[in-house]
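Please read the structure below before turning to the comments.
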Amino acid sequence: MPAMSLRKLNTLLATLAALLPLAAPAAPLKVGGFVVAPLITGQATMPLQGALRDYVEQEVVKRAGIALVWTPPTSVPRAMENLRTGAIDILLLTSGRLDTPGVIATSWHFLRTQPHLAVLKNSPLQSVQSLQQLTGMTIGWAGGTLLPPALAEVPIQWQLLTVPDWQSANLRKLKMGRIQAVFFENEYSPRYYAAEENMDIHLVKLPMPERQFTMAYSPKADKNAVAQFDKAAAAAFANDQFRAFLDQYMKR
């Protein structure tokens, strides 16, 4: 082929390549959840904040190359409904069994925690060797969640709240003497709120298995975008990297 014709062919190919549509970037994934401070904080009128968002933006987004849209925190039941309907694509935090059809929990976890009770400093309950010690107690927790199996077997008088600020609301009820304790799946939340509210509390470690915090994906979310996010997040949260970040976050 003559040299001039080859140059013309290369020019034509380059021109055609420039005219071809570029692959569309993945649509932003909508992220939501409920308040579990300091991991997830915020008000119902503003996008959620907290240590988990900070870490995801710092370590996951740059790996995944996908934009995220942060929605306001809601109650637990509303968050699960939003995940089911596709109003959000990613539920930022969950633990235990998911009963919502089609919802997929991540195969990895970002934090392992030990369940605790928060009680007032002068409470007669200073330690728990057996969960049966909690029989008959009035304990606050989040409505719309499944009780951990070990606690579901104990005849506890549960006071369940379905408001976005359920953690701080339960601690206020504890301070007023309306409940005897507040159940937390992690030790970070009561420490955070006690410092915020200047509350003198005692944390009682429960003889229960550790809880694993994971995320979950909506069945209506873009599968390719979710796969990109999931791969990046699994690497970013491996080897307790988030725990180290959270420990530093708590010192702020």
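The values are calculated or read from the model by the stated rules, or taken from the named source; none is laboratory data. The structure displayed is predicted, hence computed values, not measured ones. No Cβ is skipped: glycine too gets one built from the backbone with ideal geometry, and neighbour counts run over all protein chains shown. For the accessible areas, the whole protein counts, side chains as well, though only heavy atoms, and no ligand, DNA or RNA atoms are used. Shrake-Rupley method; radii C 1.70, N 1.55, O 1.52, S 1.80 Å.
Can you tell me which of Q129, Q159, Q167 moves the most in a GNM of the chain? Springs connect C-alpha atoms under 10 Å apart.
Judging by the Gaussian network model, the answer is Q129.
Rounded to two decimals, what ratio of Rg to Rh does the chain give with C-alpha atoms and a Kirkwood Rh?
Using only Cα positions, Rg/Rh for the chain is 1.16.
Count the DSSP beta bridges whose two residues both fall in the chain, then state the antiparallel fraction as a percent rounded to the nearest 5. Write down the numbers at each step before the final one.
Details: 18 of 31 bridges.
That works out to approximately 60 percent antiparallel.
What does the C-alpha gyration tensor say about the overall shape of segment 131-173? Classify as rounded when a/c is under 1.5, otherwise prolate if a/b is larger than b/c, or oblate.
The shape class here is oblate.
How big is the charge dipole of segment 50-114 about its Cα centre, in debye rounded to the nearest 20, if each Lys and Arg gets +1 on its Cβ and each Asp and Glu gets -1 on its Cβ?
100 debye
Relative to the Cα centre, what is the charge dipole magnitude of segment 92-247, using +1 at the beta carbon of each Lys and Arg, -1 at the beta carbon of each Asp and Glu, and rounding to the nearest 20 debye? Before the final figure, lay out the partial values.
Working: 14 positive and 13 negative charges, 30 e Å.
Approximately 140 debye in magnitude.
Using θ = phi - 60° and the Karplus curve 6.51 cos²θ - 1.76 cosθ + 1.60, what whole-Hz ³J(HN,Hα) does each residue of segment 112-119 get, with Gly and Pro shown as x?
So the J values, rounded to whole Hz, are 10, 9, 10, x, 9, 10, 9, 10.
Anyone know which of A169, A152, A194 comes out most mobile in the 10 Å Cα GNM of the chain?
Highest fluctuation of the listed residues: A152.
Between segment 146-216 and segment 75-144, how many Å separate their Cα centres?
Computed from Cα coordinates, the inter-centre distance equals 9 Å.
Given the DSSP H assignment, sum -39500 (n - 2.57) over each helix run of at least 4 residues in the chain and divide by its residue total; what's the result at 222 nm in deg cm²/dmol, nearest 500?
Result for the chain: -9500 deg cm²/dmol, rounded to the nearest 500.
Could you work out which residue, out of P73, P115, P155, moves most in a Gaussian network model of the chain, that is, has the largest mean-square fluctuation with Cα springs under 10 Å?
Checking each option, the largest mean-square fluctuation is seen for P155.
Using the Cα centre of segment 25-148 as the reference point, and only Cβ charges (+1 on K/R, -1 on D/E), how large is the resulting charge dipole? Debye, rounded to the nearest 20.
Dipole about the Cα centre, nearest 20: 80 debye.
Give the carbon-plus-sulfur fraction of the accessible surface of segment 39-187 in %, rounded to a whole number; probe 1.4 Å, heavy atoms of protein chains only.
The computed percentage sits at 52.
Would you please report the Å³ per residue occupied by the convex hull of the alpha carbon atoms in segment 203-246? List each step's numbers first, then the result.
Numbers: hull volume 5.4 nm³, N = 44.
Roughly 122 Å³ of hull volume per residue.
Just want the answer: with Cβ charges of +1 for Lys and Arg and -1 for Asp and Glu, which residue in G50, Q167, P190 is farthest toward the dipole's positive end in the chain?
G50
Could you work out the local net charge near L111, counting Lys and Arg as +1, Asp and Glu as -1, over the other residues with Cβ closer than 13 Å to its Cβ?
-2
How long are the three semi-axes of the equivalent ellipsoid for segment 93-153, computed from the Cα gyration tensor as the root of 5 times each eigenvalue, in whole Å, largest first? Mind showing how you got there, number by number?
Numbers: eigenvalues 157, 39, 24 Å².
So the equivalent ellipsoid measures 28, 14, 11 Å along its semi-axes.
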